[in-house]
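Below: one structure, written as structure tokens.
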Amino acid sequence: MPDILKLSGLCKGYGGVAVLKGITLDFHAGSILGLIGENGAGKSTLIRCINGEHRPDAGTVVRDGKAVSFRDRRDALSCGIVSVPQEFNLINTLNVYENIFLGCEICRHGTLDRQTMRSAAAAELAKLHCRLDPDTVVGDLGVAEKQFVEIARALRFRCRMLILDEPTTVLNQLETELLFGILRELRDKGVSIVFVSHKLREVKALCDHVAVLRDGVLTGVSPMENVTPELMANWMVGRALSRKFPESAPLPSETPVLLEVRDLSVAGALENISFDLHQGEILGVAGLGGSGRSELAEALYGLRKRSSGTVKLAGRATGKTAPEAAKDGIVLLPEDRQGAGVLLDFSIRENISLTWPGTPIRRKKELERAGFYIGKFSIRTPDAETPVKSLSGGNQQKVSIAKGLELHPKVYLFDEPTRGVDVGARSDVYVFLRDLASQGIGVLLISSDLEEIIGMCRRTLVMRGGHLAGILAGPDITEENIMVLATGIKEKN
């Protein structure tokens, strides 16, 4: 297979800290390469050096046999190198077609040709079997829908090399299979694809080769037929991972009800949702995109106005606004980490203290609490003053979780808590969730990762079209049973 791009001895550092250490790697035409590694291993930095966002400190990038130096992303785009970032580069106040054509608008007679862009955007979305209206404002979309807008924008270009950073973290199983079919078609047309993911079973299913980064070093490249997901996980962390999920707690048949939800409805989003969350329980919430999973968490937290129904915490009605719910002891880790979970330009110290009451804040106490969480969650950072935007996605997630803990929750709502989190840090999150439950805190775990739901929960709510399609318990929590309820294609026998 011919090489689209060759890296030789690539090095990159920030503030005297080496992030990439002599990376030598070939990217072949008509091949899908899985790029894996823990958070902070250097994956995102490597992508930025390839797509022109950053310039390497040393080493060479060779395209079609000639050394190149991309000045910016537009320069890389002109050479057919297209990347889809993990965190969205969309403008929420613009509509879908405006985002798809952002920076490369079509003009006619000196004015924007909106009709042509609208039609072309619809055509790109149709290739993804996505039925979004091109005139929809992006800020009104869910996270999975935003992901398809990003992918549609990338596919507009005649790309020779397509880099996807964690594209499936917000997609359900059906959406993921659809995306994989599109990627295989592109591969068969000669496109070189780089698939960055922490979902190792997906890497195994999709990719032809896998490359492993650990602490800025390329530790190996292997044909996919020679490896298993378990072996890839071991390569990533440099040790054997014997267990992914901590021991499950027993079914909550004898534990008291902590959160009681009855006939909860939100206009246009939820209808007559009823369930109990027991003290010390990790209750799963599964369903396809648009099923109402995130809307349920937002309604419980007071971000969505309840049109009817009751929510009681320890027998008392909870507040109907977010400040009231937080005061009652309900905390939400939002699905959109960068948009709603943390303030990127603030330091770790400043983010941790965001939830503190409006009394004078002492810097010494801020540093103490930030240092505590940095140690507890093994947050990879030089110090507590590091801006959160400088951290990897997984470490940003840890900061967001820590911020919520400062509210001393009685119920913690987790919406996609392991999105963009590597296999090692993911295990840390699971242990943390189990630890919360052992303290009597009620945990609602919303996830599109069915393996995560099955491994962590003894009961699971399954949502479909804003309704509660069913509740599964114990051995009945299987991928097949969840999908039967989530799709409604057939009824369980």
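Summary of computed values
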read-out: Residue in region 58-66 that is in contact with a helix residue (DSSP H, G or I) (Cβ under 9 Å, 6 or more places away or on another chain), hydrophobic (A, V, I, L, M, F, W, C) and within 22 Å of Leu391 (Cα to Cα) present; value: no
read-out: Unique residue being β-branched (Val, Ile, Thr) and at pLDDT below 90 when the list is Ile182, Ile163; value: Ile182
read-out: Residues satisfying the stated conditions in region 133-163, i.e. within 21 Å of the chain's Cα centre (by Cα), in a loop (DSSP other than H, G, I, E, B) and free of Cβ contacts under 8 Å to residues at least 60 places away in the same chain; value: Leu141
read-out: Residue that is surrounded by the most Cβ atoms within 10 Å (Cβ to Cβ), among those in region 105-132 that are part of a loop (DSSP other than H, G, I, E, B) and free of Cβ contacts under 8 Å to residues at least 24 places away in the same chain; value: Cys130
read-out: Positions within region 286-331 being touching a residue at least 60 places away in the same chain (Cβ under 8 Å) and in contact with an Asp or Glu (Cβ under 7 Å, 6 or more places away or on another chain), in sequence order; value: Gly289, Ser294, Ala297, Leu313
read-out: Spans of strands (runs of 3 or more DSSP E) in region 174-236 with at least 2 residues in contact with a helix residue (DSSP H, G or I) (Cβ under 8 Å, 6 or more places away or on another chain), under 24 Å from Asp64 (Cα atoms) and assigned by TED's automatic domain parsing to the domain that holds Thr24; value: 192-196, 209-214
read-out: Considering residues of region 139-160 that are within 18 Å of Gly292 (Cα to Cα) and not small (Gly, Ala, Ser) only, the residue modelled with the lowest pLDDT; value: Val143
read-out: Single match in Ala76, Ala58 (criterion: buried (at least 18 other Cβ atoms within 10 Å of the Cβ), under 30 Å from Gly16 (Cα atoms) and touching a residue at least 12 places away in the same chain (Cβ under 8 Å)); value: Ala76
read-out: Residue satisfying condition, being over 30 Å from Leu7 (Cβ atoms), among the charged types (D, E, K, R) and either at pLDDT 85 or above or buried (at least 21 other Cβ atoms within 10 Å of the Cβ) (or both), within set Arg243, Arg214, Arg304; value: Arg304
read-out: Hey, Arg349 buried (at least 16 other Cβ atoms within 10 Å of the Cβ), part of a loop (DSSP other than H, G, I, E, B) and in the same structural domain as His467 (by TED's automatic domain parsing) or not; value: no
read-out: Out of Gly309, Gly290, Gly280, sole residue that is under 27 Å from Thr176 (Cβ atoms) and either of a type outside the set (Asp, Glu) or in contact with a helix residue (DSSP H, G or I) (Cβ under 7 Å, 6 or more places away or on another chain) (or both); value: Gly290
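The values are calculated or read from the model by the stated rules, or taken from the named source; none is laboratory data. All of these numbers come straight from a predicted model, not from anything done at the bench. FYI the Cβ positions are ideal-geometry reconstructions off the backbone, even for glycines, and counts take in every protein chain you see.
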